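Written below as structure tokens is the structure these notes are about.
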Amino acid sequence: MKKVERAELLSLAAYEEIRPHFRNRMIAEKARRRVLLGEHMSMVFENHDTALLQVQEMLRTERISDERAIAHEIETYNEMIPPSGGLSATLFIEYDDPAERTRMLGCFATLRTAVQVRIGQNVFVARFSTHFGEELDRLPAVNYLIFEVGQEYAAGITDPQVPLRIEVTHPDYPVSVDASAALRAELKADIES
């Protein structure tokens with residue numbers, strides 16, 4: 001899948017002009033790409049356009065215009081774009097109560113081996129991105145995942161006869177969710193690009 005390039009980014013003023021339309025389009029796209037995993041987790045599958053939105057929004061929010069800082073944002077959010085034949089997602093862990101959130105993020109330290117995409121009988125365990133300074137004895141509330149699936153499974157992603165599930169196999173939070181038809185179409189395009 002194509003990475004975000006500097007030439008694609010709009011100036012802050014130009015982005016302000018198109019922002020309402022672009023954000024509305026991306027909100028609709030992200031809705032098709034979102035999976036609710038029980039009460040406290042959700043996942044958004046990422047692609048070029050979702051990363052482009054994140055870069056533009058970060059530049060806007062932080063009023064970034066320095067070229068080195070722009071390059072850093074591009075590099076950071078390009079990590080969200082899936083590799084060839086792969087899928088990537090952002091996993092959100094959401095607990096309103098701060099004490100419960102702290103406790104569960106500690107319990108979820110072992111979640112790094114318990115999130116997977118299942119296509120038929122084939123299981124693809126997520127590889128969690130880790131960042132410098134990250135505590136390995138607890139999980140951050142926002143995590144970036146890569147699923148190394150392979151293009152040979154693209155047909156199974158949209159075949160309604162082939163089960164496609166997003167699963168969490170952690171003993172403290174087991175959940176399995178069937179992918180919607182809209183998500184299947186999005187993921188097939190991701191795998192094939």
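Values in this text are rule-based calculations from the coordinates and carry no lab data. Here the structure is a predicted model, which is why all the values come from computation and not from measurement. With ideal geometry, Cβ positions are generated from the backbone for all residues, glycine too; neighbour counts draw on all protein chains shown.
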Legend entry - Nearest-ten-degree value, helix 98-107 long axis tilted from longest Cα axis of the chain: 60
Legend entry - Cα long-axis angle, helix 48-62 against the chain (0 to 90 degrees, to the nearest 10): 50
Legend entry - Proximal charge balance of Ile146 [Cβ under 15 Å; K/R count +1, D/E count -1]: -1
Legend entry - q = 0.12, 0.15, 0.17 Å⁻¹, the chain: log10 I(q)/I(0) [Debye, one scatterer per Cα]: -0.64, -0.97, -1.18
Legend entry - Residue-averaged 222 nm ellipticity for the chain, from DSSP H runs of 4+ at -39500 (n - 2.57), nearest 500: -12500 deg cm²/dmol
Inset, instruction - Give, in whole angstrom and from largest to smallest, the semi-axes √(5λ) of the equivalent ellipsoid of the stretch 31-80, with λ running over the eigenvalues of the Cα gyration tensor. - result: 26, 11, 9
Inset, instruction - Compute the signed sum of charges (Lys and Arg +1, Asp and Glu -1) over the other residues within less than 12 Å, Cβ to Cβ, of Val35. - result: +3
Inset, instruction - Over the chain, calculate the relative contact order: mean separation of alpha carbon pairs under 8 Å at least 6 apart, over the residue count, as a percent. - result: 24
Inset, instruction - Order by neighbour count: Ile18, Ile119, fewest other Cβ atoms within 10 Å first, most last. - result: Ile18, Ile119
